[in-house]
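Notes for the one structure printed next.
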Amino acid sequence: MNTLLQDIRYALRTLRKSPGFTAVAILTLALGIGANTAIFSAVNGILLKPLPYASPSRLVDLMAVKDFPGGIQGSLRFSHDTWTRVREQTPAIAQMAFATRSEHIMTGDAAPEFIPAAEVSSEFFPLLGTKPLIGRPILPGDTQPGAQSVAVVSYALWRARWGGSDTALNQTITLDDKRYTVIGVMPSGFVYPIATVQSEEGVWLPLVLSPGRSGEPEGFPVARLKKGVSLAQANAQLQTVSPRILTGIIHKT
């Protein structure tokens, strides 16, 4: 019990220190795999107005949840192919982007340090409606196999490494011994989903996908509901989609 309470306190401290990530994470769409149910939930749009996203009240995260023996629930991650089919069969969803979280060792002039990262599909930045402060976002061509390795950096990393200079564009950073060309800098306050307790420094990298192939990366989608669609309507659609797609996937594992 003491361990559980410590975990809860740590989680609350983490969420409190990362308000941008926390607010979007609260916008959760849960797909109940074990019970074949799906639930949308959101906080009042008034609370979300300070966030640097367009129409934040229609943004939701999607997370699969499975019921295990003993009344325990656990979250699951699914491939991009699976979530693409969810999007195609859920009319309530207007847009969807896909992302995975990772951590890299950044080396260079300074001492090596861990840098949080999110590998994102090209729909990620347009869906959230936030443009880079300088430079450009990740585009479809960046996510193709064989494309040049590029990175969009956070405002905090930009200030720490380049002092806020526009010369950061087209410079390179080295992550896990791989070089990436900086193509954009996000505005201050935009940290989803890279923010950590220690720092808001981080990077967004292209998520290179090869649909239909085995070994596809697993992660989480971010979706925007269509204008005028209620959470109840979206939930009803997902209750139909969930057993048809996701339960079948689980049976194959």
If we count every other residue with Cβ under 11 angstrom of Ile93's Cβ, Lys/Arg +1 and Asp/Glu -1, where does the sum land? +3
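So what's the net charge close to Asp166: Lys and Arg +1, Asp and Glu -1, counting the other residues with Cβ under 14 Å from its Cβ?
+3
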Hits in the stretch 158-194: amide N under 11 Å from the 7 Å Cα→Cβ extension of Gln144, namely none
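Accessible area per residue of the stretch 76-157 at 1.4 Å probe, in Å²?
Numbers: 3650 Å² over 82 residues.
Roughly 44 Å² per residue, with all protein chains present.
The values are calculated or read from the model by the stated rules, or taken from the named source; none is laboratory data. Source: prediction; values computed, not measured. Backbone-built Cβ (ideal geometry, glycine too); neighbour counts: all protein chains shown. Side chains are part of the model used for accessible areas, which takes the heavy atoms of the whole protein and leaves out ligands, DNA and RNA. Shrake-Rupley method; radii C 1.70, N 1.55, O 1.52, S 1.80 Å.
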